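Working notes, beginning with the structure itself.
The values are calculated or read from the model by the stated rules, or taken from the named source; none is laboratory data. Treat the numbers as computed from the prediction; the structure is a model and nothing was measured. Positions of Cβ are generated from backbone atoms using ideal geometry, with glycine treated the same way; all protein chains shown enter the neighbour counts.
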Amino acid sequence: MEREERIRHQKEFLIKFAYWAVWGGLVLAAVKMIGPVLLPFIAAFFVAWILSFPVAFATERMHIRRRIAAVAVVLLFYGLAGLVIGFLGNRIMLLGQELLGEVVRFVSETIFPMMKHFCAWTAGLTGETVGGEVLRTAGTESAEPGRGASDRNVRHPAAAGLRHCGKYSGDVL
């Protein structure tokens, strides 16, 4: 008897869960499809609801007509919202400029020297000297332009890496 009762409860739970999952999926699909169209109206509803409290206060306590109080509160609200958005936007732009300057400084002072040091280190692993005469003439028949390996078909990995690091500037290795 207990087993049948437990199975019945599990079935009821699964049916209820599936029921609410289907309804939740339908609501999410409707919000996803209709949400962008209704969002301005929903936002306006909340703004009107929030502003109804100061308007009610002004009409009851200060004995101002409702239309005048509503217009004044709406103008005050949107004026303050515009100022806040303007100041925050300005501050965000200034922070973005400062952050971009710091990123450029970090890359130029830290990353690029580290990359050049790494290229020199890889050239040192192969026994080459960076910027030295051995590196310029290694693996070529001649050091004269046009007679050795060209810049495009260099097969030596250290020399190819140094070309990109700015340590090698000739056409001939």
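Could you tell me which of the residues Glu133, Glu98, Glu128, Glu144 is at pLDDT 90 or above and out of contact with any Cys (no Cβ under 7 Å at 6 or more places or on another chain)?
Being at pLDDT 90 or above and out of contact with any Cys (no Cβ under 7 Å at 6 or more places or on another chain) holds for just one of Glu133, Glu98, Glu128, Glu144, which is Glu98.
From Ala29, Ala72, Ala58, Ala44, grab the single residue that is modelled with pLDDT under 95 and touching a Lys or Arg at 6+ places or on another chain (Cβ under 9 Å).
Step by step, each of Ala29, Ala72, Ala58, Ala44 is checked, and only Ala58 is modelled with pLDDT under 95 and touching a Lys or Arg at 6+ places or on another chain (Cβ under 9 Å).
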